[in-house]
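Student: Input: one structure, supplied below.
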Amino acid sequence: MKATFQDFLAENPSCSGLTNNKDAQEVFDILSTDENIIKMLELSDQGQPALAACVEGLEKWHDAKSENEFSFKAKEGNANFNKKAVGRMVKTILAPFGYEVSSRKAISQKYCGGYFSSASCYKKTAPAKLMVKKVITPVEQ
C-alpha cells in the first residue's frame with residue numbers, strides 16, 4: 001500500500017503540528033498521485049532530485065491559493081519548515097518503493113523551481129514493498 005499522510009506524520013514527529021493542516025494534507029496528496037510518484041522515481045533513476053518531477057505543479061497549486069496554511073513564501077513565517085516538510089513527504093512516499101536519500105542537488109531551472117532550489121536525490125537501496133509496473137494494453141473503443 002502507498003504511504004499515507006498519517007505515515008508521514010508518524011515517521012516525522014517534528015511535523016506533528018501539521019496534523020490538522022488541510023493544505024499540508026493536500027500537498028501530500030498531490031505528491032503521492034501515481035503520476036507524480038512514477039515521475040519522481042524516473043528522475044531518481046536519472047540521478048536528479050525527485051521533487052523536480054512535480055515542483056512546477058506544486059508551486060502552481062501554491063500560487064493559486066488565496067490563503068495558504070502551508071506556504072512556501074519566505075515572508076510567511078514557516079516557509080523553511082514547510083519546504084523541509086515537503087522533502088520529508090517525498091521521502092515517506094518513495095520509501096515503499098525501496099528508495100532512500102542518497103544526496104542533495106540543485107533543482108534545474110528547466111523544472112521551474114521558484115520556491116524550491118534544491119532537493120534530495122534517491123537511489124533504490126532498500127527492499128521494496130511496492131513497484132511500478134508498466135504495461136501495454138489495447139485501447140478500448
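The values are calculated or read from the model by the stated rules, or taken from the named source; none is laboratory data. Fair warning: this is a prediction, and the values are worked out from it, not measured in the lab. Because the Cβ atoms are built from the backbone with ideal geometry, glycine has one as well, and the counts that use them run over all protein chains shown. We work out accessible area using only protein heavy atoms, side chains counted, and drop any ligands, DNA or RNA first. Shrake-Rupley method; radii C 1.70, N 1.55, O 1.52, S 1.80 Å.
Student: Name the residue, out of 28, 81, 97, whose mean-square fluctuation peaks in a Gaussian network model built on the chain with Cα pairs under 10 Å.
Tutor: Highest fluctuation among the options: 81.
Student: Right, here's the next one. Can you send over the carbon and sulfur percentage of the accessible area for region 69-141, probe radius 1.4 Å, protein chains only?
Tutor: For region 69-141, the apolar C and S fraction of the accessible surface comes to 52 percent.
Student: Still on this structure: Roughly how many whole Å is it from the C-alpha centroid of region 62-141 to that of region 1-57?
Tutor: Here the two parts' Cα centres lie 5 Å apart.
Student: Keeping all protein chains in place, calculate the accessible area per residue for the chain (probe 1.4 angstrom), answer in Å².
Tutor: On a per-residue basis, 61 Å².
Student: Modelled label-to-label distance, residue 11 and residue 63, 7 Å Cα→beta-carbon offset: nm?
Tutor: If labels sit at residue 11 and residue 63, their model points lie 3.0 nm apart.
Student: Next up: Within the set of other residues whose C-beta is less than 15 Å from the C-beta of residue 49, count the net charge using Lys and Arg as +1 and Asp and Glu as -1.
Tutor: Result for the local shell: +4.
Student: Between beta-carbons, use under 14 Å as the cut-off and find the net charge around residue 124, counting Lys and Arg +1, Asp and Glu -1.
Tutor: Here the count lands on 0.
Student: A further question follows. Using only the Cα atoms of region 96-141, build the gyration tensor, take square roots of its eigenvalues as a ≥ b ≥ c, and label the shape rounded, prolate or oblate: rounded if a/c is under 1.5, else prolate if a/b is larger than b/c, else oblate.
Tutor: Taking the square roots of the gyration eigenvalues as a ≥ b ≥ c, region 96-141 is oblate.
Student: Might you report the magnitude of the Cβ-based charge dipole of the chain about its Cα centre, with Lys and Arg at +1 and Asp and Glu at -1, to the nearest 20 debye?
Tutor: Approximately 520 debye in magnitude.
Student: Between beta-carbons, use under 14 Å as the cut-off and find the net charge around residue 30, counting Lys and Arg +1, Asp and Glu -1.
Tutor: Once all neighbours under 14 Å are counted, the net charge is -3.
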